[in-house]
Amino acid sequence: MINQFGRKGEDIAAEYLKAKGYKILHRNFRTPVGEADIIVSDNDVLVFVEVKARTGRSFGEPFEAVDFRKQGKIRKIALYYLKLHKFEKQVRFDVVSIVSRNGDHDIRHIMEAF
């Protein structure tokens with residue numbers, strides 16, 4: 001279950017992506033393997049977006065939490081999604097890293113993160 005701060009981070013990321021012209025297809029897409037934070041369409045590319053939000057950098061950048069294990073899980077979620085929807089599209093994996101402090105948001109969008 002996602003906490004309130006995590007939900008706010010996903011809201012910020014979704015608004016950011018919409019402003020950049022991405023079409024939001026799903027948020028919090030649940031599978032037996034796990035959950036995809038945001039799935040968007042970037043023209044003909046299906047993009048699975050992992051969102052990491054923090055209130056500071058004392059434990060490093062938020063995107064650094066998307067380790068090899070987490071990447072593998074997201075890939076499995078993507079395979080499940082593609083099979084379920086019978087898609088044969090190009091897929092990309094992005095990370096939106098957000099540091100929020102005092103109402104300001106430092107957003108870093110890493111395309112093709114893995």
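The values are calculated or read from the model by the stated rules, or taken from the named source; none is laboratory data. Since the structure is predicted, the reported quantities are computational estimates derived from the model, not experimental observations. Please note: Cβ atoms are built from the backbone with ideal geometry, for glycine as well, and neighbour counts cover all protein chains shown.
Quick one: would you say Lys8 is in a helix (DSSP H, G or I) and either touching a residue at least 40 places away in the same chain (Cβ under 8 Å) or β-branched (Val, Ile, Thr) (or both)? Judged against the criteria, Lys8 is a match. Yes or no: Lys76 within 22 Å of Lys23 (Cβ to Cβ) and surrounded by fewer than 18 Cβ atoms within 10 Å (Cβ to Cβ)? Considered against the rule, which asks whether it is within 22 Å of Lys23 (Cβ to Cβ) and surrounded by fewer than 18 Cβ atoms within 10 Å (Cβ to Cβ), Lys76 comes out as no.
On the stretch given as segment 18-32, residues that are farther than 14 Å from Arg7 by Cα, surrounded by 16 or more Cβ atoms within 10 Å (Cβ to Cβ) and either touching a helix residue (DSSP H, G or I) at 6+ places or on another chain (Cβ under 8 Å) or modelled with pLDDT under 95 (or both) total 0. Mind listing just one residue for me: the one in segment 49-96 that is modelled with pLDDT of 95 or more and among the β-branched types (Val, Ile, Thr) and, of those, farthest from Gly9 (Cα to Cα)? Among those residues, the one meeting the criterion is Val91.
Between Lys52, Lys20, Lys70, the distinction of being more than 12 Å from the chain's Cα centre (by Cα) and not polar (S, T, N, Q) belongs to Lys20 only. Of the residues making up segment 1-11, one or more are of a type outside the set (Phe, Trp, Tyr), surrounded by 12 or more Cβ atoms within 10 Å (Cβ to Cβ) and at pLDDT 95 or above.
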